[in-house]
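Here the structure comes first, spelled out in structure tokens, and everything after it is commentary.
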Amino acid sequence: MTTPIDIFTKVLLALRLTAAPLERLTFSERMVIRPPHVNSAGFYVVERGQVFLGSPTDGPLLKPGDVVIVSGRGEIHLLPDESASPMLLAAAIHAPHDVSVALFNLLPALMVIEGEEGRLIDALEPTVRFLFSESGRSYAGKEAVLSRLIEVLFIMVVRYWMYTHAPSPNWFQAMLHPQIGEVLRLIHDQPDQPWTVTTLGAAVNLSRSALAAHFSAAVGDSPMRYLTRWRIQVAASLLIEQPMLSLDAIARRVGYESGYGLSKSFKRWVGKAPGQYRDEYWHTAQPAADEPP
């Protein structure tokens, strides 16, 4: 049986997170940073010196060990403290298409996780310390290691925020609700089933109207709309992970009677047909025929 924690894992795996190359930033003037698009987030760890977030008059002074996270909906203004030359470790991560839970939209536009006495909090310190160490080396596989560590850092940050700062109600807390969490489990475990609000409600001893009301209040979306978004997210993953599967086969795995029905829904949510989505992914993921391997 899938637990609430496993639901979070399923979502993370389905998003196919991709990390951008790690950078070290030094600057002497105001710098404005925006994530590249809505399904993305940037991380900035103060490694050395001090920097104002916003301005010296209305923004907090960030010190070594502090972490700033900006989601795809936000931007940050950084101004170096004149008394110190700051250095920030910068990382970013994105998901090609996040139509299931809109994870990046659940995060605040701007989040600051303050360090403790000049060092990172215990929940993030091991991962960031490993990032610092690996970024200064020239070992084989360095970029692959850094990419995985950035993914881990993102998950650790979201998990920390989920348990300490997430407002109520929200999708994270809905996973822990005895009935709504069970409905989420059914949706995530069995997207191929012909679910209706009535059958989902019956599975957790709630009437159709009661489930619709409780689910919308807890998750911020209707049960059927959430189910559709998760089906499309799973279909997007299958298009990439199992390229030999036909569209009809994928449709059956996510609760559609035919590839035609899936294609219409997929295009409505993702903005392109399944075949185009798959082709564009492999076109960007594979080197051109005249490029060396």
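Look at the alpha carbon pairs under 8 Å that are at least 6 residues apart: their mean separation over the length of the chain gives a relative contact order of 17 percent. For the chain, just say rounded, prolate or oblate: build the C-alpha gyration tensor, square-root its eigenvalues into a ≥ b ≥ c, call rounded for a/c under 1.5, and beyond that prolate if a/b exceeds b/c, oblate if not. In terms of gyration-tensor shape, oblate. Report summary: the helix-based calculation at 222 nm, which adds -39500 (n - 2.57) for every DSSP H run with n ≥ 4 and divides by the residues of the chain, gives -14000 deg cm²/dmol. In the elastic network of the chain, a GNM with C-alpha springs shorter than 10 Å, the most mobile of Ala14, Ala203, Ala41 is Ala203.
Within the listed set Lys63, Lys142, Lys267, the residue fluctuating most in the Gaussian network model of the chain (springs between alpha-carbon atoms under 10 angstrom) is Lys142. Starting from the Cα gyration tensor of the range 144-293, take the square roots of the eigenvalues, sort them a ≥ b ≥ c, and report rounded, prolate or oblate (rounded when a/c is under 1.5, otherwise prolate if a/b is larger than b/c, else oblate). Oblate is the answer for the range 144-293, as a/c is 1.5 or above yet b/c matches or exceeds a/b.
At a Förster radius of 22 Å, what calculated FRET efficiency corresponds to the Cβ-Cβ distance of Glu29 and Val112, to the nearest 0.05? Using R0 = 22 Å, I get an efficiency of 0.55.
Fully extending the segment from Ala217 to Ile121, taken as 0.36 nm per residue of separation minus the present Cα-Cα distance, adds 31.3 nm. Each peptide in 241-250, 187-196 was scored by the mean count of other Cβ atoms within 10 Å over its residues; highest first, the order is 187-196, 241-250.
Between Arg208 and Ser246, the modelled label-to-label distance comes to 3.4 nm, taking each label 7 Å out from Cα in the direction of the beta carbon. Could you run the Karplus curve 6.51 cos²θ - 1.76 cosθ + 1.60 with θ = phi - 60° over the range 218-233 and give me ³J(HN,Hα) per residue in whole Hz, x for Gly and Pro? Coupling constants for the range 218-233: 7, 9, x, 8, 6, x, 6, 5, 5, 4, 4, 4, 5, 4, 5, 5 Hz. Once the Cβ-Cβ distance of Arg137 and Asp6 is raised to the sixth power relative to R0 = 30 Å, the FRET efficiency obtained is 0.30. With a ≥ b ≥ c taken as the square roots of the eigenvalues of the C-alpha gyration tensor of the range 118-164, please select rounded if a/c is under 1.5 and otherwise prolate if a/b is larger than b/c or oblate if it is not? Cα axes put the range 118-164 in the oblate bin.
Here, each number is a calculation from the coordinates, and none is a lab measurement. Values in this document were obtained by computation on a predicted structure and should not be read as measured data. Because the Cβ atoms are built from the backbone with ideal geometry, glycine has one as well, and the counts that use them run over all protein chains shown.
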